[in-house]
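Peer 1: Sharing a structure, written as structure tokens. Questions coming.
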Amino acid sequence: MDPFGAEDNASDVGGASASRHATPSTGGGQRRISGRASGAGGRSRHDETPELAGSANHMSSGLDLSFGYTPMQFEKINLLGSELSEHAISSLVLSVNHITYLDLRGNKLNAQFGWRLVKAMKKKYLNLEFCNGVPLKDLRNNRVESLNLSSFKTHHGMYGIEVVGAIFLAHFLRLNSSLTSFNFRRNDVEKDGAKALAQSLLGNPQCAVQSVNNMGPIKNKPGINFQDFRSSQLKVVHLPHRLLDDDDFVFLEEWLRRFDCVEDLDVSENLFCKDGVRKLARYIKDTQTLRKLNCAGLPVDFEGSHLLVQATIQNQTLEQAGLPLGPCDDNMERHQMFQQFGSGLHGHPSMQAIASSRPGGLDWSNLIPIRQGQMTEWPPFRSSNWPAAQMASYMWLMVAAKPPVTKLTFGNPARPLKEYPSAAGTPVELWPIVPTLVHDLSRTLVEISVAVSSAPNRDVGGPPRTMELMRVLTRCAALKNLNLLCYGSAVLKESQLPQEWTSVGPMPRWLMEDRARKIRVHWQALYGLLSTSSLQGLETFNDIEVQGFKETPETTVMILMQCLEGVAVELSMEPTESGEAGTLNAKLQAKADVDLFCDVLRLVNKQPLLVNLTFSDKKVINVKAGQVKLAAPLSGVPVGEGGPVFIHSVVLKNNQVSEQLLKSLDHKAPLKEFSFDNLIAVLPALFAALCGKEQPLPVEKIRIEPKWTPASTAKKRLSVQQRKLLDGIHASLMRSSAFQLVTTAGRGDVDKSELEAMSPEEFAVTMMGYAVDEVQAFETYTPRITWRCFPSVRHFLKPSEEDEPLFV
């Protein structure tokens, strides 16, 4: 009975249009063997591969079903690409008692079939001289020192030796003592084939193999000598960027486990990602000598990353580990992996540094300060280049270790009163960990700066964490300085407000029920946080003095301004020379709500302020669009029901002014200063503001800042109409009781008395903004070359001797 359960007659094998019969002389009578060519391939017996060329003269005694050729007698079987079934192949192979040539490549055979076939052949496989492209006879007779199955001469091109060929080869490697170099890359030996090859070499005490695949020395790259494993002298294995695949590392891992002597292993930036990663995880977990590991840059998926993380946690000897942790995205399972890794690092007995894959090399995280309780600031110095996955694991380690951190900074530091912060550098993928980190470090935190992302709802399926962070901040009893940068951009929901934070405090109804409705939740949350009894020691919020938190109009305005997106204000309550109670410097971005900004300033309605206003957008059209919205409050238009008027003086710091704003302003509007860069463009609007009203606009200072040059050698030509407009402006400025001076880039400050003494032409040049330089007199040079001249063409063509030559 056939051990494979197949009949001796294989005539049931299908897939070909023609069948051939052979009657071999096998010493036991005659047996009919039937086979069918698969019709695949299309190569004749004259187009044999190089490995078959040496035995072509013996093919008359072999069975060749690869491309439809079958001789009458055979000791050799070639089923290359025949696509026969396993039963048919086993029947054909086992029917021959003395087989020397066997090629089963291209039949999609697995490792189980290979092991069963070897077992069923018993000792007959020892007669094989050639199997799946491997010269077994030379190996058995120790006539081979270097076996390269990956070269152009030895590799078939379409098929490698495959797992079945590797299993047969493994049985012969147990008997070999001459082989020193071995290369089986690109041969599809799979995990079982690579394992069989490794175990056969390990089980051969006479094995002399030193180099395998790309793991030996290559040019200037040091490699490993496998003989050093046997003497336990191999302490360092560095094989980065060697294009090692799963088969390669499965082979190497068998040696690493058998001789557990390697202390430093680097297999980073290679290609294994499936079986090789599972073998690596097993080795990391079981090794008792490995201290340094670098496997970053492997193309692993989440399963591979998780396996390596779990193995690293269970390891007891590692001091340094570089792992492919993958991206820090919205995957809940991956964030749980980071948390497990951080908690596991806290309990690891010897881990000192970790790193994750990043372009340009690894940037190691030093864990010693956390372990020794010496860490006082987060993030650590020079950690900005850490991958997000590495930082996430580090943060979870801090949550587990709870070091005495006094200063915590998340996102780019900024000065919120000088410029509205940018959240561009905020690592939003780490935002879900921040509230937990603040919660566990709350007993020691003194200074906190958190840049709230414009999209902090990226929380792995959970609600926005800004409100949760604010609630956690109430636990920080030692907190003195708090910065919530970009707070106006935070995503807050009314349903998240605690019951004790629902009060609007000193906010008037005319403001809360009108334009400020959209920032109501921001104000309630911030007012509730600053009013919490546990934060009575808080000294500053966003660089604003809040100790004691007195509800004065000025303090309320400053706190409320932090709820406005794109607005940065700085208030000084020192009286100005012109009589205002204080100075407020404000910078507004294009996304700022100018109307709401002006409404908030209406809260200070008893004493005017000097507002230095700058629109920080680079586009002139956005600057002028924001300036136009100042027309209504500057003209005294009230807001809401019973709302106060805008009483503050405004200075526009931009070097452009909106023509529409000048035309729309009331003659009493407190616009003290503005600037323009092109007189011709702003001339009609300037005439309308100064001459088109009952009284001139009470502007005190006009700045003229030409865009390109402060000086010129020629005067600008003006039309008659433009000159008339300038004359009217000149007269209005002289008539105005508020006007003081003009500042130009070319002439500097020109006061009212100087302007009054100017002629219209001089006034026009001054309002252009640049100085007109006189043309310098240059030295004239006399001609040094003389040319003869003729009075006419006739004299030139027919010169007369009587004519006197003329030279110039």
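The values are calculated or read from the model by the stated rules, or taken from the named source; none is laboratory data. This one's a predicted model, so the numbers in the text were calculated from it and none came from an experiment. FYI the Cβ positions are ideal-geometry reconstructions off the backbone, even for glycines, and counts take in every protein chain you see. Each accessible area value is taken on the protein alone, full model and side chains, heavy atoms only, with ligands, DNA and RNA left out. Shrake-Rupley method; radii C 1.70, N 1.55, O 1.52, S 1.80 Å.
Peer 1: Just the residues that are touching a Pro at 6+ places or on another chain (Cβ under 8 Å) and touching a residue at least 24 places away in the same chain (Cβ under 8 Å), please, taken from region 364-385.
Peer 2: The answer is Ser365, Pro369, Ile370, Gly373, Gln374, Met375, Thr376.
Peer 1: Please specify each residue of region 181-203 satisfying the condition of being surrounded by fewer than 17 Cβ atoms within 10 Å (Cβ to Cβ) and either hydrophobic (A, V, I, L, M, F, W, C) or part of a loop (DSSP other than H, G, I, E, B) (or both).
Peer 2: Across region 181-203, the qualifying residues are Arg186, Asp188, Gly203.
Yes/no per residue for (1) modelled with pLDDT under 95; (2) open to solvent by 60 Å² or more (accessible area, probe 1.4 Å); (3) hydroxyl-bearing (Ser, Thr, Tyr); (4) touching a helix residue (DSSP H, G or I) at 6+ places or on another chain (Cβ under 6 Å):
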residue: Glu694; (1), (2), (3), (4): yes, yes, no, no
residue: Val720; (1), (2), (3), (4): yes, yes, no, no
residue: Ser736; (1), (2), (3), (4): yes, no, yes, no
residue: Gly748; (1), (2), (3), (4): yes, no, no, no
residue: Glu754; (1), (2), (3), (4): yes, yes, no, no
residue: Glu761; (1), (2), (3), (4): yes, yes, no, no
residue: Thr766; (1), (2), (3), (4): yes, no, yes, no
residue: Tyr770; (1), (2), (3), (4): yes, no, yes, no
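Residues checked against (1) of a type outside the set (A, V, I, L, M, F, W, C); (2) assigned to a helix (DSSP H, G or I); (3) under 48 Å from the mean Cα position of the chain (by Cα):
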residue	(1), (2), (3)
Gln656	yes, no, yes
Gln660	yes, yes, yes
Ala688	no, yes, no
Val699	no, no, no
Arg717	yes, no, no
Leu726	no, yes, no
Val742	no, no, no
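Peer 1: May I ask you to list pairs of residues, at least six apart or on different chains, whose Cβ atoms are under 6 Å apart, with the first in region 95-112 being at pLDDT 95 or above and the second being among the basic types (Lys, Arg)?
Peer 2: none
Peer 1: Tell me the residue from Asp803, Asp749 that is in a strand (DSSP E or B) and either of a type outside the set (A, V, I, L, M, F, W, C) or at positive phi (or both), please.
Peer 2: Asp749
Peer 1: Restricting the search to region 481-519, which residues are surrounded by fewer than 20 Cβ atoms within 10 Å (Cβ to Cβ) and at pLDDT 95 or above?
Peer 2: Asn481, the sole residue that qualifies.
Peer 1: Of all residues being under 21 Å from Phe229 (Cα atoms) and among the hydroxyl-bearing types (Ser, Thr, Tyr) in region 154-180, which is surrounded by the fewest Cβ atoms within 10 Å (Cβ to Cβ)? Just the residue, please.
Peer 2: Ser177
Peer 1: Being open to solvent by less than 60 Å² (accessible area, probe 1.4 Å), basic (Lys, Arg) and on the phi < 0 side of the Ramachandran plot is true for just one of Lys606, Lys629, Lys550, Lys624. Which residue is that?
Peer 2: Selected residue: Lys624, the only one of Lys606, Lys629, Lys550, Lys624 that is open to solvent by less than 60 Å² (accessible area, probe 1.4 Å), basic (Lys, Arg) and on the phi < 0 side of the Ramachandran plot.
Peer 1: Taking region 142-180 as the search range and keeping residues that are under 41 Å from the mean Cα position of the chain (by Cα) and assigned to a helix (DSSP H, G or I), which one is farthest from Arg116 (Cα to Cα)?
Peer 2: Applying the filter and picking the extreme gives Glu162.
Peer 1: Condition first: under 21 Å from Gln206 (Cβ atoms), of a type in the set (A, V, I, L, M) and either open to solvent by less than 10 Å² (accessible area, probe 1.4 Å) or not in a loop (DSSP other than H, G, I, E, B) (or both). Can you find one or more residues in region 131-138 that meet it?
Peer 2: yes
Peer 1: Return the residues of region 514-570 that are among the β-branched types (Val, Ile, Thr) and without any contact (Cβ under 8 Å) to a residue 40 or more places away in the chain; say none if nothing qualifies.
Peer 2: Val521, Val546, Thr552, Thr555, Ile559
Peer 1: Oh, and also: Which residue is farthest from Asp363 (Cα to Cα), if the candidates are limited to region 384-425 and must be in a loop (DSSP other than H, G, I, E, B), open to solvent by less than 10 Å² (accessible area, probe 1.4 Å) and not aliphatic (A, V, I, L, M)?
Peer 2: Pro416
Peer 1: Follow-up question, since we're still on this one. Check Gln656 against each of (1) farther than 23 Å from Pro696 by Cβ; (2) without any contact (Cβ under 8 Å) to a residue 40 or more places away in the chain and name the one condition it does not meet.
Peer 2: Checking Gln656 against (1) farther than 23 Å from Pro696 by Cβ; (2) without any contact (Cβ under 8 Å) to a residue 40 or more places away in the chain, the one that fails is (1).
Peer 1: Between a residue in region 177-205 that is touching a residue at least 12 places away in the same chain (Cβ under 8 Å) and any residue that is of a type in the set (Asp, Glu) and open to solvent by 60 Å² or more (accessible area, probe 1.4 Å), which pairs come within a Cβ distance under 8 Å, given they are 6 or more apart or on different chains?
Peer 2: Ser178/Glu145; Leu179/Glu145; Thr180/Glu145; Ser181/Glu145
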